[in-house]
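**Q** Below you will find the structure I want to go over with you.
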Amino acid sequence: MPDQPLAIPTPSRTHPQAAAVDEPAVVTWAEGGHSRTARWRSANGRPAPARVEVVTDSLTADEANRLASQGTAMLWQGDFHNARQILNALDRRVGAGKKKAAPTPADEFYRHRQSRSHRARILGLLLIPLDPGPVVPLRRAPDIRQAAEEAYGDIGEPSVVSLHELVGAIGAHEWRKNGVYVEALQGRIHPHYGTFFPTRSEYVDLVAAAPLPSDRLAFDVGTGTGVLAAVLARRGVRRVVATDNEPRAIACAGENFRNLGVQDRAEAVLTDMFPPGRAPLIVCNPPWIPATPHSSLDNAVYDPGSRMLFRFLNELAEHLEPGGEGWLVLSDLAEHLGLRSRDDLLGAIEAAGLKVLERSGTKPTHPKASDRNDPLFGARSAEVTSLWRLVPR
Ligand SMILES: C[S@@+](CC[C@H](N)C(=O)[O-])C[C@H]1O[C@@H](n2cnc3c(N)ncnc32)[C@H](O)[C@@H]1O
C-alpha cells in the first residue's frame, strides 16, 4: 500500500485536561524573559508539543538530536534553509542503526510502523512560525502560500507548524498540481492534501475490466480522489454516487469529476458509508491493513479491526437492488503479514449472507513489491490484489 496520508486537521491541545472543548490549541515558549504564545496548527492532527525552546542558526545537529530525544520541540528563528538541513540531519540520525530480522511478518510489520511513528514524532519537533498570508517569516523562506493554504486552510493569526509537516504539504501541492496519470481514465487524477493517492494502478485496472451488471447507477463507497467513480462513469455508468466521510476527499473527488468532464454523471457526497437508496452496483476499496491509525493521515490506509471492510460486507445486501453486485477491492497483504486470515474474510462474506460470484486477482507492480531492502519485502512480493464480485446468497 502506498504510504499515503489522509489528513483532517483536528484541534489538539497542549493541556487537554485544562482546555475548553472548542478552544484552539496553542504553543507557549519563553523569549527575552517573556512568555509567548501562538496558535498551533497540524494538518494531520498531531498534538501541540508541551515543551518548546527557541533555537537559531547556531543549533548543531547533535544539540537538535539531544533536545528531540528529550521530547523538547524547537521553534526555529533562523534561516529557513538551515532549518531544512537540521531536519535532514535529524532524519539521518533517527534512521541509523541496523536491526535484526523480527521473528514473524506481523512482528516485522509492527516494528516497521513503530519506527515510522517514532521518526514522525522526532521530526515533528522542529517547528517554524507561519504567519497570515500564509508566509514563513524566516530568512530565505520559499513561497509556500498555496501549499500551506491547501494543507491548513486560512491562517488568520500568527501560528506555529511542524517543518516536517510543511515539507510534506509542499510535496503534496506538487502532486496536486501535476496529478497522477491513470491509464484506465486516459487522464490525470489530482489528489488533494490528505487524500489517498491512486499511485498503484492494478486495483483501478480491475475495476476498469470487470463486467458491469448495469450501466444505470453505481455507488462508490469511500471514494477518496474519486478515481473508481470516474472509471465507472467513463465506462458508461449514467449515474455514480461517490461517498466519503472526509470533507477533503469530497472536495477532491468533485474537482476531479469536473476536470475529467464526468460531473454530469458522478457526484461526491459526504456521508458515512452508503448513500441512501439501493443500486445495482456498489464498489468499495476499503483500507487494506487492519491496524490502528497513528495520525489522521493514516485513516485511508489502516482500518482498525477491519471495521470498514466488515461494515461494507454486513450492510451490502440491504443497499443492493435485486440482481445487483458488490465489488470489493482488497489486497491480501494483511494475510501475508499475519494480520487477517483468508478464513476471516471468507467467514465474514458468508456471515453477511453473501457469496462470491467471481474473484479476479492481479500482482501489484509498484516499486516496493520488488524492493528487497523493504522490511516488508517478503509479504509485499507475495501480495495479490483482488476484485471480489459479491452477491446476496
Ligand atoms: C483505501 S481509500 C480508497 C480511496 C479510493 N476509493 C481509491 O480506490 O483510490 C479508503 C477511503 O475510504 C474512506 N472511508 C473510511 N471510512 C469511511 C466511512 N466510514 N465512510 C465513507 N468513507 C470512508 C477514506 O476516507 C478513504 O478515502
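A short reminder: the numbers here are calculations on the coordinates, not readings from a lab. All of these numbers come straight from a predicted model, not from anything done at the bench. Don't worry about glycine lacking a Cβ; one is built from the backbone with ideal geometry, like all the others, and counts go over all protein chains shown.
**Q** Based on a Kirkwood Rh over C-alpha pairs, give the Stokes-Einstein translational diffusion coefficient of the chain at 4 °C and viscosity 1.567 mPa s in µm²/s.
**A** Answer, rounded: 57 µm²/s.
**Q** Quick check: pseudo-label points 7 Å beyond the Cα along Cα→Cβ at Arg307 and Ser117, how many nm apart are they?
**A** It works out to 1.5 nm between the two label points.
**Q** For the stretch 26-174, max minus min Cα coordinate along each principal axis, in Å, sorted largest first?
**A** For the stretch 26-174, the Cα extents along the three principal axes come out at 50, 34, 26 Å.
**Q** Also, quick follow-up: For the pair Ser35 and Arg258, how long in nm is the line joining their label points, each one 7 Å along Cα→Cβ?
**A** Modelled inter-label distance: 4.6 nm.
**Q** Can I ask one more? Among Ser306, Ser42, Ser117, which one moves the most in a GNM of the chain with springs linking Cα atoms closer than 10 Å?
**A** Checking each option, the largest mean-square fluctuation is seen for Ser117.
**Q** Cut-off 16 Å, label point 7 angstrom out along Cα-to-Cβ of Tyr181: give me the residues of the stretch 227-259 whose amide nitrogen falls inside.
**A** none
**Q** Going by how many other beta carbons lie within 10 Å of each one, how would you line up Met74, Met273, fewest first?
**A** Met273, Met74
**Q** Pairs of lysines 8 or more apart, or on different chains, with alpha carbons under 26 Å: count those in the chain, would you?
**A** 5
**Q** Which number do you get for Rg(Cα) / (2.2 N^0.38 Å) in the stretch 185-226?
**A** 1.30
**Q** Still on this structure, I have one more. Top mean-square fluctuation among Gly361, Gly324, Gly347, Gaussian network model of the chain, C-alpha springs under 10 Å?
**A** Residue with maximal mean-square fluctuation among Gly361, Gly324, Gly347: Gly347.
**Q** Here's another thing I want to ask about it. Considering only C-alpha atoms, what is the centroid distance from the stretch 340-357 to the stretch 358-393, in Å?
**A** Value for the Cα centre distance between the two parts: 18 Å.
**Q** Also: What number, in percent, do you get for the relative contact order of the stretch 26-174 if the mean sequence gap of Cα pairs under 8 Å and at least 6 apart is divided by its residue count?
**A** With pairs under 8 Å counted, the relative contact order is 25 percent.
**Q** Still on this structure: In Å, what is the Rg of the alpha-carbon atoms in the stretch 180-392, and how long is Dmax?
**A** When restricted to Cα atoms, the stretch 180-392 yields Rg and Dmax of 16.1, 49 Å.
**Q** Using only DSSP helix segments of four residues or longer, with each worth -39500 (n - 2.57), what per-residue ellipticity at 222 nm results for the chain after dividing by its residue count and rounding to 500?
**A** My calculation for the chain gives -9500 deg cm²/dmol from helical runs alone.
**Q** Ok, one more. Measuring from label point to label point, each 7 Å out along Cα→Cβ, what is the Tyr110 to Arg393 span in nm?
**A** 3.3 nm
**Q** Another question, if that's okay. I need the shape label for the stretch 76-135. Rule: rounded when a/c is under 1.5, else prolate if a/b > b/c, else oblate, with a, b, c from the alpha carbon gyration tensor.
**A** In terms of gyration-tensor shape, prolate.
**Q** Could you please state, rounded to a whole Å, how far the C-alpha centre of the stretch 23-81 is from the C-alpha centre of the stretch 128-203?
**A** Here the answer is 22 Å between Cα centres.
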